[in-house]
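Structure record follows, encoded as structure tokens.
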Amino acid sequence: MVMPTPRTELAVAELDGKIYVAGGFGGTSAFEAYDPVADRWEQRKNLPIGREHPSLAALNGKVYFTGGKGSETFAYDPATDSWTPRAALVYSRYAAAAVALDGAIYLIGGQGPSDTVIQRYDPEANTWSARARLSMRRDHVAAVALDGKIYILGGRPGVGDVYKTVEIYDPMADRLEPGPDMLEGHSGFGAGLVDGKIYAVGGEVLIQPFFVRDTAEVLDPASGKWSSKAKLSMPLHGTGAVGFRGKLYLFGGCSNPATSSPRLGGVNILTP
């Protein structure tokens with residue numbers, strides 16, 4: 001189950017039973033697919049450009065790659081193992097979260113110009129557009145779609161702080177409202193949806209003394225409350241996470257704060 005390319009600050013997305021892993025610190029162009037049922041890795045065509053802290057989302061049979069100290073966007077077609085250039089972002093992004101919902105992709109938070117602006121991609125028109133603004137800068141953020149809305153989790157404004165706050169974005173109304181605070185502040189962490197509940201796992205805290213979390217928590221949307229779950233086997237930040245068939249899969253990452261070393265190649269699985 002070890003990843004072919006050890007990496008941290010990567011991006012992941014699930015499409016048709018395969019979990020795709022892209023980019024990573026140092027600007028790697030490696031692109032691989034993991035089959036969680038067969039427990040097998042497949043090498044896929046490299047990214048058109050190497051990127052660290054990129055964003056990845058799956059929509060309508062394709063995987064979309066964008067951001068990571070750039071504004072370029074590319075679509076990957078698994079049927080042909082090929083990449084196609086698509087429209088560029090309105091604003092370049094780094095360490096943002098990408099979420100697919102109702103036929104569109106939303107890019108949220110991160111670093112870059114007008115960094116509180118949410119960006120929306122329409123694959124039919126091949127256009128990005130600017131949408132509502134977050135209430136605050138959320139760098140190294142995570143986001144999860146649930147019941148037609150996007151839960152925007154944690155992040156940080158930079159060194160010296162970390163958020164436990166949550167915002168909920170309604171794409172239809174293009175409006176944000178406060179959500180239930182997490183138990184702890186998380187940035188550079190993994191988040192995913194498992195059995196209708198939102199999980200937030202690991203993360204980096206750049207408040208002296210810097211440290212990396214090994215904790216996991218879960219939001220029950222019915223009660224609006226977060227609760228603690230079993231800890232990871234090691235602290236992790238810079239990991240990519242995705243929920244699939246009742247489990248949360250976390251790929252790669254790093255166990256030391258404020259660094260990308262060592263770049264890990266493990267796959268951690270959280271089973272509720």
Those residues of segment 24-44 which are farther than 18 Å from Glu14 by Cβ and free of Cβ contacts under 8 Å to residues at least 24 places away in the same chain, in sequence order
Ser29
Just to be sure before I move on: is Arg120 basic (Lys, Arg), within 22 Å of Val166 (Cβ to Cβ) and in a strand (DSSP E or B) in the structure I sent?
yes
For Gly160, are the conditions met, namely being at pLDDT below 95, at positive phi and not in a strand (DSSP E or B)?
yes
When segment 34-66 is examined, which residues are found to be under 20 Å from Ser82 (Cβ atoms), charged (D, E, K, R) and not in a strand (DSSP E or B)?
Arg44, Lys45, Arg51
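Here is a yes/no grid of residues against (1) under 19 Å from Ser71 (Cα atoms); (2) touching a Gly at 6+ places or on another chain (Cβ under 8 Å):
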| residue | (1), (2) |
| --- | --- |
| Trp128 | yes, no |
| Arg131 | yes, no |
| Met136 | no, no |
| His140 | yes, yes |
| Asp147 | no, no |
| Gly154 | no, yes |
| Val162 | no, yes |
State whether the residues of segment 91-112 include one that is basic (Lys, Arg) and free of Cβ contacts under 8 Å to residues at least 40 places away in the same chain.
yes
Among the numbered criteria (1) crowded, with 21+ Cβ neighbours inside 10 Å; (2) of a type in the set (Gly, Ala, Ser); (3) at positive phi, which single criterion is violated by Gly103?
(1)
Please find, within segment 128-157, the residue that is surrounded by the most Cβ atoms within 10 Å (Cβ to Cβ) out of those that are in contact with a Ser or Thr (Cβ under 8 Å, 6 or more places away or on another chain) and outside any loop (DSSP other than H, G, I, E, B).
Arg156
Going by what's in this entry, would Tyr151 be described as closer than 24 Å to Leu47 by Cβ and either at pLDDT 95 or above or over 12 Å from the mean Cα position of the chain (by Cα) (or both)?
no
Need pairs with beta-carbon distance below 6 Å; first residue over 17 Å from Thr8 (Cα atoms) and within segment 201-221, second assigned to a strand (DSSP E or B) and of a type in the set (A, V, I, L, M, F, W, C); sequence gap 6+ or separate chains.
Ala216/Val201; Glu217/Ala200; Glu217/Trp226; Leu219/Ile198; Leu219/Trp226
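The values are calculated or read from the model by the stated rules, or taken from the named source; none is laboratory data. These numbers were taken from a predicted model, which means no experiment stands behind them. Reconstructed Cβ throughout: ideal geometry from the backbone, glycine too, with neighbour counts over all protein chains shown.
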